Structure formats: structure tokens, C-alpha cells
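**Student:** Sharing a structure with you now.
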Amino acid sequence: KLVQRACDMARRYHNFSVISAYVGTGKTYALKHYAAKNDNTFLVETTPSANALNFLSKLAFQVTNLEKRTMDDSFNVNALKNTDSLIIVDEAEMAAPKVLHILRRIRDIANIGIVLAGTEQLNARLKPQHGQFDQIRSRTMFWPPVFAGITEDDAAALIQASFDEDV
């Protein structure tokens, strides 16, 4: 439910949502499920070695299904402009600082929502006031406390979603 709310709010209000939770709480599963069930939702998983060019190539492939190799040609941000699109970045705590700044510019130019999801380390990275991510923080409208575990209702929803996919 937390992931659903974060994604819906980011999409509706064209802002950032931040989801940070401990390892094993089902973030990635829920994000993948949301992306599969909602059109114009682009899920990109970051890695510790991904630089801005790698990230933009992954995003460009998601958005256009074409693989591009230069930052200038990665994709036309205007193709997303004023759509109901949503970019979800999983493992966002591993994203290079430049990637996070690029995401902010994409949000500003395209007027779309972005969800940053990761471990509790994501909060530590984004929250310091007067830090390098003030512009992201000022555009974040949904940022609940670090999620330590799932509720019984969340567990039931995950189980039900798994059965729904098998049918």
C-alpha cells in the first residue's frame, strides 16, 4: 500500500516521492508489480557502478525501446512532457549524484512524477539541509519515515498479487 500511495501521489502531483525501507520488506517486488500494472511507468534499477550515461541509456531504453549511447541523444525529454508518466528508480541510494540531479531536471522539464526507492541509506543521503540535494527535497511531497517491516495487510496484498499473476 505504501508503494501504491507513493507512486500514485508522485504521478498525480508531478513531484518526487521517496520510499526508504529496510532490506527484505518487499520494495522491489511491489515496485515491479506497480510498474507492470500501470501504463507509462518506467522502472529503472540502479547499480553501484552506474554513471549518468549508463542510467540514461537504461531510461532511454525503457521510454523509447531504442538503445542510445550518448547523453544528448539518450531520449527526448519532451516526449514525456505533461504526460501521466512516472519514473521509478529502485536502489536509488546507489545512484551517482549526477543521476539524481538529472532526474530532478527531467522532472522539471517534463512535469512528471518520480519515485526514488531504496534502503534507509537513501534518507541519509537526501535529507541533510543545505546539502547537494536540496532541490530534490523541496520537490518531494511524499516521504514517510523509514519502513521497517510489512503489515499483515501488506503481506496479504503481496500474496494476493502473486496469485492474481498466476491466473
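**Student:** Please work out if Leu103 is at pLDDT 85 or above, in contact with a helix residue (DSSP H, G or I) (Cβ under 7 Å, 6 or more places away or on another chain) and surrounded by 14 or more Cβ atoms within 10 Å (Cβ to Cβ).
**Tutor:** no
**Student:** Tally up the residues in the range 1-54 that are hydroxyl-bearing (Ser, Thr, Tyr) and either open to solvent by 30 Å² or more (accessible area, probe 1.4 Å) or free of Cβ contacts under 8 Å to residues at least 24 places away in the same chain (or both), please.
**Tutor:** Of the residues in that region, 6 qualify.
**Student:** Another question about this same structure. Might you let me know whether the range 78-85 holds any residue that is over 16 Å from Leu53 (Cβ atoms), at pLDDT below 90 and either among the basic types (Lys, Arg) or within 14 Å of the chain's Cα centre (by Cα) (or both)?
**Tutor:** Scanning the range 78-85, I find at least one residue that is over 16 Å from Leu53 (Cβ atoms), at pLDDT below 90 and either among the basic types (Lys, Arg) or within 14 Å of the chain's Cα centre (by Cα) (or both), so the answer is yes.
**Student:** Please work out which residue is most open to solvent (accessible area, probe 1.4 Å), limiting yourself to the range 106-134 and to residues that are in contact (Cβ under 8 Å) with a residue 60 or more places away in the chain, within 13 Å of the chain's Cα centre (by Cα) and over 22 Å from Val146 (Cβ atoms).
**Tutor:** Looking at residues that are in contact (Cβ under 8 Å) with a residue 60 or more places away in the chain, within 13 Å of the chain's Cα centre (by Cα) and over 22 Å from Val146 (Cβ atoms), I get Arg107.
**Student:** Exactly one condition in (1) at pLDDT below 90; (2) in contact with a His (Cβ under 7 Å, 6 or more places away or on another chain) is not met by Ile112; state its number.
**Tutor:** (1)
**Student:** Determine whether the range 53-74 contains at least one residue that is closer than 20 Å to Gln135 by Cβ, touching a Phe, Trp or Tyr at 6+ places or on another chain (Cβ under 8 Å) and modelled with pLDDT of 90 or more.
**Tutor:** Looking for residues that are closer than 20 Å to Gln135 by Cβ, touching a Phe, Trp or Tyr at 6+ places or on another chain (Cβ under 8 Å) and modelled with pLDDT of 90 or more, one finds none in the range 53-74, hence no.
The values are calculated or read from the model by the stated rules, or taken from the named source; none is laboratory data. On a predicted model such as this, the values are computed, not experimentally measured, just so you know. Counting neighbours? That spans all protein chains shown, and the Cβs are built from the backbone with ideal geometry, glycine included. When the accessible area is computed, the model is the full protein with side chains, heavy atoms only, and any ligands, DNA or RNA have been set aside. Shrake-Rupley method; radii C 1.70, N 1.55, O 1.52, S 1.80 Å.
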